[in-house]
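S.K.: Shown below is the structure under consideration.
The values are calculated or read from the model by the stated rules, or taken from the named source; none is laboratory data. Just so you know, these numbers come straight off a predicted model, no measurement behind them. Counting neighbours? That spans all protein chains shown, and the Cβs are built from the backbone with ideal geometry, glycine included.
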Amino acid sequence: MKALYKNPIAIILIVFAVVGFVLLEGQLPAINLAHLTPGNVVAVLGYTSVIMFVVEQFIEIFVHDYNQRLKKECKERIDEIDRKLESMNEPLAGEESALETEEVSVPEVANMMKEKRRLENTLTKEGMKRKQRTIVIAFIIGLILSFSGFRLMSGILFNETSDNLSEIQSTIIQSIDIILTAGIIAGGSDRMHRLIKRVKEAFQPENSYNEY
C-alpha cells in the first residue's frame, strides 16, 4: 500500500477506472468465463508459441548482428587467456609450473585476469544490446500480426462471449489484445512454454496434489 501511495499515476488510473465504471456500468457487464477449458486455453497458447518460434527464427536468420565480429574476437581472446592460465597451473609431468619457476610474474597474471573480466563484460553488454534490438523487432512484428488479426485473448474470450459483450468492451479488449499479443511474442517462446506449464497446473490442481 505504501508503494501505491507514492505512485500518483497508479492513483490517477484507479480513480479514472472507478469513474469510468460508474458512468458506463450499464455497458460493462461481467464477462462469463465458464466456457473456458484447459484444452482451449492451452491450444491458443500453443498456436502462439509456434508463431513466436517462427518470429525468433526469422530474427536469428535475417536480422544482422553488427557486433558479431567483436564478440567472436572477445571469445577467442578469452579462450586464449584460459589456455595460458591453465598451462601455468597444470604443468607437464616432471616439470614445474610457470608460476613456481617465476617465468610468469604475478602482475602479468593479474593483467590477464583483468583483461578476461573486461572481455566478459563486453560480451555481456553486447549480448544485452542484441537482446534489446531483437525484442523491439519482435514487438514490431507482433504488432503487425496483431493488426492482421492474430490475437491471443480473442481466441480465448470471444469464442462464446462475443455476443454478450458491449461495443465498448469489445473495443477495449481488442485494443489491449493487440498490445498484449505483441508483447508476448516479443517475450520469446521460452516464457510462453513456462506460461503454458503454469496454465496446465492452474487447471489441474487436483492431479498435482495427488502426485504427492
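S.K.: Please go through region 12-61 and give me each residue that is among the aliphatic types (A, V, I, L, M) and more than 28 Å from Gly187 (Cα to Cα), ordered by number.
M.R.: Those that are among the aliphatic types (A, V, I, L, M) and more than 28 Å from Gly187 (Cα to Cα): Ile12, Val15, Val18, Val19, Val22, Leu23, Leu24, Leu28, Ala30, Ala34.
S.K.: If the requirement is being of a type in the set (Phe, Trp, Tyr) and either loosely packed, with under 13 Cβ neighbours inside 10 Å or modelled with pLDDT under 80 (or both), which of these qualifies: Tyr66, Tyr47?
M.R.: Of the residues listed, the single one that is of a type in the set (Phe, Trp, Tyr) and either loosely packed, with under 13 Cβ neighbours inside 10 Å or modelled with pLDDT under 80 (or both) is Tyr66.
S.K.: Test of understanding: among Ile178, Ile196, Ile185, which residue is modelled with pLDDT of 65 or more, touching a Gly at 6+ places or on another chain (Cβ under 6 Å) and of a type outside the set (Ser, Thr, Tyr)?
M.R.: The match here is Ile185.
To keep it simple, each residue is scored yes or no on (1) modelled with pLDDT of 75 or more; (2) surrounded by 12 or more Cβ atoms within 10 Å (Cβ to Cβ); (3) outside any helix (DSSP H, G or I).
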site: Val55; (1), (2), (3): yes, yes, no
site: Glu80; (1), (2), (3): yes, yes, no
site: Met88; (1), (2), (3): no, yes, no
site: Pro91; (1), (2), (3): no, yes, yes
site: Glu95; (1), (2), (3): no, no, yes
site: Ala98; (1), (2), (3): no, yes, yes
site: Val109; (1), (2), (3): yes, yes, no
site: Met112; (1), (2), (3): yes, yes, no
site: Arg117; (1), (2), (3): yes, no, no
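S.K.: Name the residues in region 139-165 that are modelled with pLDDT under 75, of a type outside the set (A, V, I, L, M, F, W, C) and either over 17 Å from Val41 (Cβ atoms) or in a helix (DSSP H, G or I) (or both), would you?
M.R.: Gly155, Ser162, Asp163, Asn164
S.K.: Pairs needed: first member in region 167-181, at negative phi; second member anywhere, of a type in the set (A, V, I, L, M); C-beta distance under 6 Å; at least 6 residues apart or different chains.
M.R.: Here the result reads Asp177/Met153; Thr181/Leu152, each pair linking region 167-181 to a residue that is of a type in the set (A, V, I, L, M).
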